[in-house]
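A.B. asks: Before I ask anything, let me first share the structure, which is written out below as structure tokens.
Please treat every number below as a calculation from the coordinates, not as lab data. In this text the structure is predicted, and so the values were computed from the model without any measurement. Backbone-built Cβ (ideal geometry, glycine too); neighbour counts: all protein chains shown.
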Amino acid sequence: MNFPLDSVQDLPEDAKMALGAALEQMQVRDSLKMYNRLVERCFKECVEDMRSKALTAKEEQCVAKCCEKFMHVTARVGMRFQEFFSQMEQQAAAAAAAAAAAAAPGSQGK
């Protein structure tokens with residue numbers, strides 16, 4: 001679903017609240033999915049055997065590095081998405097301004 005953010009301002013308060021709650025629920029779900037992927041990936045990569053309920057020093061170090069790398073990559077991807085969507089918004093605004101200028105009275109024939 002793609003709609004301009006300006007249309008959100010026109011929604012009734014109860015619809016805004018419902019939209020906010022839905023967005024918050026999606027964020028929580030996405031955070032849990034990311035956490036689960038992190039745990040699964042680092043466990044598979046770092047835990048060698050299950051002879052003890054405690055991690056070895058080597059496993060602990062591996063898990064720490066794995067988590068750090070995962071979080072770094074996740075943050076980097078998030079930054080790239082923000083940059084991409086910012087560029088898309090700028091292009092859409094420029095296209096809308098150009099269309100408005102072309103449709104303005106007196107702009108034809110110049």
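A.B. asks: Among the Cys residues of the chain, which have no other cysteine Cβ under 4.7 angstrom away?
C.D. replies: Cys with no partner Cβ under 4.7 Å: C67.
A.B. asks: In Å and on Cα atoms, what radius of gyration and Dmax does the chain show?
C.D. replies: Computed over the Cα atoms of the chain, radius of gyration and Dmax are 23.8, 83 Å.
A.B. asks: Let me ask something additional. Give me the distance in nm between label points sitting 7 Å out from Cα along the Cα-to-Cβ direction at D49 and V8, one decimal.
C.D. replies: Spacing of the two 7 Å Cα→Cβ label points: 5.3 nm.
A.B. asks: Nothing charged except the Cβ atoms of Lys and Arg (+1) and of Asp and Glu (-1): what's the magnitude of the dipole of the chain about its Cα centre? Round to the nearest 20 debye.
C.D. replies: Computed about the Cα centre, the dipole is about 460 debye.
A.B. asks: Another question, then. Report, in whole Å, the centroid distance computed from the Cα atoms of the range 28-45 and the range 54-110.
C.D. replies: 22 Å
A.B. asks: Once the Cβ-Cβ distance between M34 and E60 is put in as r, and R0 is 22 Å, what FRET efficiency do you end up with, to the nearest 0.05?
C.D. replies: Efficiency, from the Cβ-Cβ distance: 0.55.
A.B. asks: A follow-up question, please. Write out the GluC sites (Glu not before Pro) in the range 1-72 meeting two conditions: DSSP loop, and at most 12 other Cβ atoms within 10 Å of their Cβ.
C.D. replies: E48
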